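One structure is given here, and the rest of the page talks about it.
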Amino acid sequence: MKDDKLTIVSFLCNWCSYEGADKAGNARLNYPANVRVVRVMCSGRVDPEFVIQAFKEGASGVLILGCHPGDCHYKKGNYKTLRRIYLLKRTLEGFGIEPERVRLDWVAAGEGERFAKVANEMVKTIEKLGPLELSEV
Amino acid sequence: MAKPKVAFYWCASCGGCEEAVVDLAEDILKVVEAVDIVFWPVAMDFKKKDVEAMKDGEIAVSFINGAVRTEEQEEMVKLLRRKSGLVIAFGSCAHLGGIPGLANFWNRDTIFERVYKEVPSIANPKGVLPKTKTKVGDMELTLPEFWDTVRTLDQVIDVDYYIPGCAPPPDIIMNAVSAILEGKLPEKGSVLAPDKSLCDTCPRSEKKPEKISMKEIKRPYEIIPDSEKCFLEEGIICLGPATRSGCGEKCINANMPCRGCFGPTKEVIDHGAKGLSAIASILGIEDEEKLSEEDVQKLVDKIVDPAGLFYMYSLPSSLLRRKKI
């Protein structure tokens, strides 16, 4: 990525997606350093406050990755994430923040390649949108 | 001993907070007996110069309601801050931004366009908009600057305590006044109301099922809600789970859901984010395994204007404070 000032905060669930990212690392797959990883126990732990706080502190995109539906370590955490993040995206639209700046996706523990693909796609999306410039207040 | 001096002031507000003071009914006599009101534009004839003439810190307590959106309001609250020992943000607008704070989804230009040109009730053929300076003959008339962004009181001056509510209920006001008079105030920066969620004290909570599921979203005008059932169970969005208690459940008792005027409890940073999180968690929870992404979108899309709904009272105090301009 050309503009390494663009930061994408990513929340990865401990059981699937973080393992997936680890797999990507082991396989020496590339993904841009703009993607900064925060490990959480479950994608359901990602409070909408976290996402907004990330934007407030300068992130241009937020990526949330969890286990595929049906595979959640806590059985149903990711279903709640699905509804919560969609409603958050709709709400952020009201603030003038493009919904594409938030992406929720599923990456299993064995899916190193999928992790790298999603991370690269997210960086491209954010590159296209440019930095998120919130109004000074 | 001289009675402590007290001031009341209003900024961007509807006047309901002033009525809340009068709503104290007989109790207001106790207040008047204990204090000396030195400034209260809505009720008494003291002027700005009277406040200016006071010594710094001479006013024991200033109760300021309303959000801050104009140059004049900013100037007045800064003056009152200087002259006061304690400043209390009184009511939702001073505390969180309140209903006037919804203007942060717009800015000065779009608001002026709408209010002075587009609304059906206006006749303004020349398209005149308010200006800070207008020449009339050889005189110049002035108006205070109107800011793009509505701010909470504590975004403009240091605030000691908060009395929440739209408008604050009499018992909350009296408890706060007694605490001040008796010097029994909690830690600076506290909201002078219980730190529990509304659901905790909701009269409907006894009949609430163990697990609440919202099958679909309904708006209050679409159904006549059962006066004993939890609103969420009936599909009506109620911000009780994310809102501080202490209001006396007036809306609930009038068969209307909570819209969040008391703001969040202490630990919450962003009231709207908490509210939307709570609602999204229970929406469609019964069949959650079976819902496709499209099903979820269909369910959630029934919420019209989520930003306006979840931040109805708290937009200026939220993390983002306003829409991007």
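Here, each number is a calculation from the coordinates, and none is a lab measurement. From a predicted model like this one, the values you see are computed outputs, not experimental measurements. All Cβ positions, glycine included, derive from the backbone under ideal geometry; neighbour counts span all protein chains shown.
Could you tally the net charge around B:D56, taking each other residue with its Cβ under 9 Å from the Cβ of B:D56, Lys/Arg +1 and Asp/Glu -1? Charge balance in the 9 Å sphere: +2. Counting Cβ atoms of other protein chains within 10 Å of each residue's Cβ and taking the mean over peptide B:316-323 gives 6. Quotient of the Cα radius of gyration of the range B:117-240 and 2.2 N^0.38 Å, N being its number of residues: 1.73. With the simple spin-label model, which puts each label point 7 Å out from Cα in the Cβ direction, the B:A254 to A:E133 separation comes to 4.4 nm.
In plain terms, the bigger the Kirkwood radius, the slower the diffusion; for the range B:198-317, with that radius from Cα pairs, at 37 °C and 0.692 mPa s, Stokes-Einstein puts D at 223 µm²/s.
The HN-Hα couplings worked out from phi for the range B:55-71 by the Karplus form 6.51 cos²θ - 1.76 cosθ + 1.60 (θ = phi - 60°) are 6, 4, x, 5, 7, 5, 9, 10, 9, 10, 10, x, 7, 10, 9, 10, 4 Hz, whole numbers, x standing for Gly and Pro. Neighbour counts of C-beta atoms inside 10 Å place B:L86, B:L181 in the sequence B:L181, B:L86, starting with the fewest. If you fit an axis through the alpha-carbon atoms of helix B:271-282 and take the longest principal axis of the Cα set of chain B, what angle between them do you get, 0 to 90°, nearest 10? Taking Cα atoms only, the helix is inclined about 10 degrees. Between the amide H of B:W40 and those of B:F8, B:F46, distances stay under 5 Å, these residues lying 5 or more places away or on another chain, with hydrogens modeled in the peptide plane. With distances taken between every two different alpha-carbon atoms, the range B:19-177 has a Kirkwood hydrodynamic radius of 17.7 Å.
Amide H to amide H, with H built 1.01 Å from N, A:V35 comes under 5 Å of A:I8, counting only residues 5 or more places away or on other chains. In order along the range B:296-305, the phi-based Karplus estimate (6.51 cos²θ - 1.76 cosθ + 1.60, θ = phi - 60°) of 3J(HN,Hα) comes to 4, 4, 4, 4, 5, 5, 5, 7, 7, 6 Hz; Gly and Pro are listed as x.
Take the Kirkwood radius over Cα pairs of the range A:82-130, plug it into Stokes-Einstein at 20 °C and 1.002 mPa s, and you get 179 µm²/s for translational diffusion. Scattering from the protein assembly as shown was approximated by placing one identical point on each alpha carbon and applying the Debye formula without solvent; log10 I(q)/I(0) at 0.12, 0.13 1/Å stands at -1.09, -1.20.
Each helix, a run of at least 4 DSSP H residues, gives -39500 (n - 2.57); summed and divided by the residues of chain B, these come to -7000 deg cm²/dmol at 222 nm. Using the alpha-carbon positions of the range B:108-147, Rg (one decimal) and Dmax (whole number) come out as 11.7, 34 Å. Only Lys, Arg, Asp and Glu carry charge here, each on its Cβ (+1 for the first two, -1 for the last two); on that basis chain B has a dipole of about 820 debye about its Cα centre. When Rg and the Kirkwood radius Rh are both evaluated on Cα atoms of chain A, their ratio Rg/Rh stands at 0.96.
Charge dipole of the range B:75-133 (Cα centre as origin; +1 on each Lys and Arg Cβ, -1 on each Asp and Glu Cβ, all else neutral): 360 debye, rounded to the nearest 20. Per-residue shielding of A:46-52, expressed as the average number of other chain Cβ atoms within 10 Å of the residue Cβ, stands at 5. Peptide B:306-312 has a mean shielding of 4, counted as Cβ atoms of other protein chains within 10 Å of each residue's Cβ.
Residues A:R114, B:R69 in ascending order of nearby Cβ atoms (within 10 Å, fewest first): A:R114, B:R69.
Quick check: from the Cα gyration tensor, does the range B:1-77 come out rounded (a/c under 1.5), prolate or oblate? Verdict is oblate for the range B:1-77. The range B:23-59 and the range B:240-317 have their alpha-carbon centroids 38 Å apart. Taking the fewest neighbouring Cβ atoms within 10 Å as the starting point, the ordered list for A:L12, B:L24, B:L153, B:L29 is B:L29, B:L24, A:L12, B:L153. In loop segments of the range B:227-283 as defined by DSSP, the GluC sites (Glu not before Pro) with at most 13 further C-beta atoms inside 10 Å of their C-beta are B:E228, B:E267. So for the range A:8-129, taking the charge dipole from beta-carbon charges (+1 Lys/Arg, -1 Asp/Glu), which of A:Y31, A:L88, A:P99 sits furthest toward the positive end? Positive-most Cα among the choices belongs to A:L88. Only one residue of B:P220, A:G130, B:G189 has its Cα farthest out toward the positive end of the dipole of the protein assembly as shown, where Lys and Arg carry +1 and Asp and Glu -1 on Cβ, and that residue is A:G130. Sequentially through the range B:250-255, phi angles give Karplus couplings (6.51, -1.76, 1.60; θ = phi - 60°) of 4, 5, 4, 5, 8, 6 Hz, Gly and Pro residues having no value and appearing as x. The dipole here belongs to the protein assembly as shown: it is taken about the Cα centre, uses +1 on the Cβ of Lys and Arg and -1 on the Cβ of Asp and Glu, and is about 780 debye.
Close amide H pairs (under 5 Å, H built 1.01 Å from N) link A:C42 with A:N14, residues at least 5 positions away or on another chain. Across every pair of non-identical alpha carbons in chain B, the mean reciprocal distance, once inverted, gives a Kirkwood radius of 21.6 Å.
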